[in-house]
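Pasting a structure below so you can have a look.
The values are calculated or read from the model by the stated rules, or taken from the named source; none is laboratory data. Model, not experiment: these values are computed from the prediction. Because the Cβ atoms are built from the backbone with ideal geometry, glycine has one as well, and the counts that use them run over all protein chains shown. We work out accessible area using only protein heavy atoms, side chains counted, and drop any ligands, DNA or RNA first. Shrake-Rupley method; radii C 1.70, N 1.55, O 1.52, S 1.80 Å.
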Amino acid sequence: MSAEETFREIVDKYSERLYWHVRSLTGSHDDTDDLLQDIFLKIWKALPSFRGDSGLFTWVWRIATNEALGFLRKKKVRAALRFESLDARAERVIDSDPWFDGDSAQRKLAVAVSHLPSKQRSVFCMRYFEELSYSQIAEITGTSEGALKASYFHASQKIRDEIGDFD
């Protein structure tokens, strides 16, 4: 299969899931759209070096997760330079997002997730929303399953503390 065919297959197969994965990390439709362009460009450029040591899904998710976390780090620095709270900005983004159609419970969860540190947020989103196994997340993030379980536990506790029990 040629690089172009493989790339088309990646775009066809993973575009929607990647959108929601990145969106769960950024909380913003506009940021996600911009990031997806960067992510697909990075995948295209890296495709010739893909050796198949990991599965295609894992490789694509690792690129997307790293790009989203890098974006969040830069965003945090920019917010600090403007003396702005990222939590307050995240809430404004969720409230003003025309693509968010959740009820008040979903809004509370989205806000609570946006308050998590980026590493905990990514683990929580991959496990809770995307229902990936700890072994899949470990392969994507390069983190041990034990550390991921602890990260997910702490993220869940922070969310419970902020919004109460969620079932």
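Can you tell me which residue in the range 157-167 is farthest from the chain's Cα centre (by Cα), limited to those that are at pLDDT 90 or above and open to solvent by 80 Å² or more (accessible area, probe 1.4 Å)? Steps first, please.
To start, the set of residues in the range 157-167 that are at pLDDT 90 or above comprises 157-161.
With the extra rule that they be open to solvent by 80 Å² or more (accessible area, probe 1.4 Å), the set shrinks to 158, 160-161.
Working: 158: 18, 160: 20, 161: 22 Å.
The qualifying residue farthest from the chain's Cα centre (by Cα) is 161.
Being open to solvent by 40 Å² or more (accessible area, probe 1.4 Å) and in a loop (DSSP other than H, G, I, E, B) is the filter here; which residues of the range 142-156 pass it?
142, 144
Now for a different question. Looking only at residues that are hydroxyl-bearing (Ser, Thr, Tyr) and farther than 19 Å from residue 35 by Cα in the range 1-18, which one is nearest to the chain's Cα centre (by Cα)?
Of the residues in the range 1-18, the ones hydroxyl-bearing (Ser, Thr, Tyr) are 2, 6, 14-15.
Applying the additional criterion that residues be farther than 19 Å from residue 35 by Cα yields 2, 6.
Working: 2: 29, 6: 23 Å.
The extreme case among them is 6.
Answer yes or no as to whether residue 49 is more than 30 Å from residue 108 (Cβ to Cβ) and surrounded by 14 or more Cβ atoms within 10 Å (Cβ to Cβ).
Judged against the criteria, residue 49 is not a match.
Out of (1) modelled with pLDDT under 90; (2) open to solvent by 40 Å² or more (accessible area, probe 1.4 Å); (3) closer than 25 Å to residue 40 by Cβ, what's the single condition that is false for residue 72?
Status for residue 72: all satisfied but (2).
Taking the range 117-134, which residues are in a helix (DSSP H, G or I) and of a type in the set (Gly, Ala, Ser)?
First, the residues of the range 117-134 that are in a helix (DSSP H, G or I): 118-129, 134.
Across the range 117-134, the qualifying residues are 118, 122.
Tell me, which residue of the range 98-141 that is more than 17 Å from residue 21 (Cβ to Cβ) and open to solvent by less than 30 Å² (accessible area, probe 1.4 Å) is modelled with the highest pLDDT?
112
In this structure, is residue 18 modelled with pLDDT of 80 or more and open to solvent by less than 20 Å² (accessible area, probe 1.4 Å)? Walk me through it before giving the result.
On the way: modelled with pLDDT of 80 or more: yes; open to solvent by less than 20 Å² (accessible area, probe 1.4 Å): yes.
Here the answer is yes, as residue 18 does meet what is asked.
Where the second residue is part of a helix (DSSP H, G or I) and open to solvent by less than 20 Å² (accessible area, probe 1.4 Å) and the first is among the basic types (Lys, Arg) and lies in the range 62-75, which pairs have Cβ atoms under 7 Å and are six or more apart or on separate chains?
Correct list of pairs: 62/140.
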